[in-house]
Every structure is written in C-alpha cells, then in structure tokens.
1. Name, by its number, the condition in (1) in contact with a helix residue (DSSP H, G or I) (Cβ under 6 Å, 6 or more places away or on another chain); (2) within 30 Å of residue 404 (Cα to Cα) that does not hold for residue 120.
2. Given (1) under 29 Å from residue 436 (Cα atoms); (2) aliphatic (A, V, I, L, M); (3) within 21 Å of the chain's Cα centre (by Cα), where does residue 280 come up short, assuming only one miss?
3. Going by the structure shown, is residue 113 at positive phi, in contact with a helix residue (DSSP H, G or I) (Cβ under 6 Å, 6 or more places away or on another chain), open to solvent by less than 30 Å² (accessible area, probe 1.4 Å) and within 16 Å of the ligand (Cβ to nearest atom)?
4. Spot the failing condition for residue 211; the list is (1) more than 15 Å from the ligand (Cβ to nearest atom); (2) over 20 Å from the mean Cα position of the chain (by Cα); (3) among the polar types (S, T, N, Q), and only one is missed.
5. More than 27 Å from the chain's Cα centre (by Cα) and aliphatic (A, V, I, L, M): is that true of residue 381 in this structure?
6. Name every residue in the stretch 179-212 that is at pLDDT 95 or above, farther than 30 Å from residue 352 by Cα and part of a loop (DSSP other than H, G, I, E, B), in order of residue number.
7. Hey, among the residues in the stretch 120-178 that are of a type in the set (Lys, Arg) and assigned to a strand (DSSP E or B), which one's nearest to the ligand (Cβ to nearest atom)?
Amino acid sequence: MEKNNIENIDQNPNGEGLNSRKKTVSFHTLGCKVNQYESEAVSALFEKAGYAIASFDENSDVYIINTCTVTNLSDRKSRQAIRKAKKQNPDSIVAVMGCYSQTAPDEVLKIPGVNLVIGTKDRNRILEYVDRLEAGECRINAVDNIMASRSFEELKVNTYKERTRAYLKIQEGCSQFCSYCIIPYARGPIRSRNPQDIIAEVRELSKNGYTEIVLTGIHLASYGRDLKTTSLLEIIKSLNEIEGIQRIRLGSIEPTTITEEFVKAAGEMPRLCPHYHLSLQSGCDRTLKAMNRKYTCEDYKKSVDLLKAFIPDVAITTDIMVGFPGETEEDFAHSLEFAEKIGFAKIHVFKYSPRKGTPAAEAAEQVAPEVKEVRSEKMLALSDSLEEQYLCNYINREMEVLFEQESGEKKGSMEGLTKNYMRVAAEGGPELSGKLLGTKLKKVKGSLFEGDILW
Ligand code: SF4
C-alpha cells in the first residue's frame, strides 16, 4: 500500500488554515493472496472514510492485523504482530481479522491491547466497529459462525500495489476437509462470487491500467458449484472478452478441474496463461487417501496429459507435502518418482506440520522432524533439476514478456514474466513497465532468463 501524506491542511471558506491531522491506519497481512486481497479491500474502505495509510512500522491511530492460521507458526506470527502494534502506539485501536481470529476469537481477545476481533466475514462493517471503539467501547468481538455462511461477501478493490497485475478474489471457503487442513473451519463452506460483480471489477481494473488478472480463491477449483449457473470455465470465457485485459492467470486449482472440455476451451483462449498450479500434495495413493484428497495419482496424470496435449508451452507447477503422518520411506519414494514422471516446472515443497484441531494432528504415526528434513531436501533437489530442464527448453526462443519492475539481480534491466511464468530480465528502464514485448531468451541463470527485446 502506498504511504500517503499524513498531514492534511484543510482550508475553511474564509481561507484560514485549519490544521486537521488525517487519522492513520496501518496494515500487517499474513498468509495467502486471498488475505492480501482482503487487506487491500479493507484499506480502500478506510481511505474512502478519509484515513491515510501508514506503514506498519509507524505510529498509527488504527492497526489492522490480517491473520493466518494455516500452521501453528502462523498463529504465533499473528500474535507477534498484534503485540508489536500495541507497543508502537499504546493509544491505538488494534483490530484483528482473518483466519486466526475466526478460529480462536477468545484467545485473540485475551491478548493485551486487542480492541476488535473480526473473523472472515463482515469485514465491510469494520469502520462502524472502529467508530464505536472511538466513542468509548473497549472491546468488540464481532466473530460470527462462519459455517452458517452461504453468500460471498463483496469487497471491492480497484487499485493494487503492483501496477500491472491484479489479484482478484472470486471464491470463498472450502468444503473438502483435507485431513491436515484447518481452512474449512476458518473460511466456512464454498461460496462463489456473482459473475456480474467479477466482470464489473475486472472492467474497472482494466480502466485503471491493469493488464493481467490473477483469479484467486480459497478453493478456486470449486468456483460456481454453489451457484449452479456458472463455472470456472464460464467466468474465464467472460473475462477473456474484456477489452484491455491481456492475460488471465489462474491461482491454485486441482486435477478435477482439468477435463477435456476445459482444456479444449482453454487452448482457444490465448489470453489465458498456460501456467497451471495443480495442487498434488503427494504422489502416493495411500498418502492421498489418508490426506482425504479426492483424486488418485492416475487421475492427476490424466489431467496433466490433457494439459500437455492441448496447451502449447504449458508450465505445470505444484505443492507437495513431505512427512505426512504414516508416510513410509516407500510412500515417499513413490511420491518422488511420480513427481519426476510428471515433469513439473517447479515444486513448492512443504514439511508436514501438525495443525491443532485437524484429524492428521491426532494421528499416531507422526514422522520424525529429521526424516521430514531429509525428504524435503530430496524433493527440493528434484524440483531444482526439473526446473532447470524445463527452462532449458526455452533458450533461444522468442516469448512475450510483460515487464513489471526494475530487476534486483541485473542492474539497468527490467524484469517481467512470460505467460508460462518464466522470469525474464532485459535491458531498459521504467518506461518498459506494463508493456508486453517480444523478447528473445538468450541464457538462464538460476530461474532468471536474460533476454533481448525484439518488438
Ligand atoms: S482443498 Fe484441502 S488443503 Fe485446500 S483449503 Fe481445502 S481443505 Fe485446505
């Protein structure tokens, strides 16, 4: 978020200077892209109400901590941020929202200095609660039963920190109940955003100069299931028609989304990026079953084969968890072998960490930390080697790059992404930002290509 001017001199009609300091609000956001989207939306509400946005390290009137609860460590980080805020300005209003406060509102409210707890709904009422606190109330617990929620909460964002890419939340909640995951309890059942609202927001983003849209959600794959009148594919088709939008990227989805109908349609939409983050979690059927994932390795492989057959230059990335309770050496070996067979462009590797309140945390056969470490290193080494193989295929190829920002690694260069999510640096300055340019990829170092702009 941009830091605005915090001093604001109002002029009264007689021309006399009236020094009225703008109230300030600061944000600290933990966790995923959905949380980031929601912080941007809440920040827009405060700005509209006349607040200036300050950095979290500054003395602020209101602090918003948007929490995450995906691991026990996320809870701890959320608590640390709350304490830091109050220490910075003991007179401030500290408001805590998000997944941790949704699952443990009483615990959060007991942290000294917390004034307001909101969960994962009613965020659009936050200013009303802050006004009540300013008027003298000490503490408000506004957390409601999320499991009873049946509709998508509209929170609009028209501008983002990044100048070219906008993350757009179109789906809320998850009804999958994977045995290691607390999120269904923090976010409630699946709710899809109304297609008209999505289209209106994307038109607005396009008017504001955004050229790339990233569709996100808690369980994006289930978009439309509750509405029954639309689907993820239908909404992508509608967004593909919006003028000014050059790229549509999908957040994490699951193999169940990838049907023949989907890939055939996707292959005919050039704006849809050929980058699919297909969550795998394990390449061993026994482990997938214990995780309560709803597909087998064979299902997964079929989806990958369809993508490779219909989508040229497709990049398939994934998440894999190692050391899930009961994962034997043999199970892990299957997982490793399967990941190699798929030929991912990159694997995000996670070591299983027990999450209080989930069935897997109660399982007797927990894997020792040192075993998880070894498995993680092996999976990461495979990821590095697969990534290298994938990237090497593109040396000397001409690709379109959407340039975004100055390169941190190559002085005097700008960096951007190809459609299939490869990072490219090419000589140039900020004038390239937001431009989609044909670039020849000359060589690759680590995961960064060096390229020459051709057109
Ligand atoms: S699909 Fe599984 S891992 Fe993903 S949010 Fe839902 S329960 Fe959690």
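1. (2)
2. Checking residue 280 against (1) under 29 Å from residue 436 (Cα atoms); (2) aliphatic (A, V, I, L, M); (3) within 21 Å of the chain's Cα centre (by Cα), the one that fails is (1).
3. Numbers: at positive phi: yes; in contact with a helix residue (DSSP H, G or I) (Cβ under 6 Å, 6 or more places away or on another chain): yes; open to solvent by less than 30 Å² (accessible area, probe 1.4 Å): yes; within 16 Å of the ligand (Cβ to nearest atom): no.
In short, no.
4. Result: residue 211 passes all but (2).
5. Details: more than 27 Å from the chain's Cα centre (by Cα): no; aliphatic (A, V, I, L, M): yes.
In short, no.
6. 193, 194
7. Initially, the stretch 120-178 is screened for residues of a type in the set (Lys, Arg), giving 121, 123, 125, 132, 139, 150, 156, 161, 163, 165, 169.
Filter once more, keeping what is assigned to a strand (DSSP E or B): 165, 169.
Values: 165: 23, 169: 14 Å.
Here the answer is 169.
Listed here are the residues, each with its yes/no results for (1) surrounded by 17 or more Cβ atoms within 10 Å (Cβ to Cβ); (2) under 30 Å from residue 100 (Cα atoms); (3) at pLDDT 95 or above.
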position	(1), (2), (3)
347	yes, yes, yes
355	yes, yes, no
369	no, yes, yes
380	no, yes, yes
385	no, no, yes
420	yes, no, yes
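The values are calculated or read from the model by the stated rules, or taken from the named source; none is laboratory data. Keep in mind that what you see is a predicted model, and the values were worked out from it rather than measured. With ideal geometry, Cβ positions are generated from the backbone for all residues, glycine too; neighbour counts draw on all protein chains shown. We work out accessible area using only protein heavy atoms, side chains counted, and drop any ligands, DNA or RNA first. Shrake-Rupley method; radii C 1.70, N 1.55, O 1.52, S 1.80 Å.
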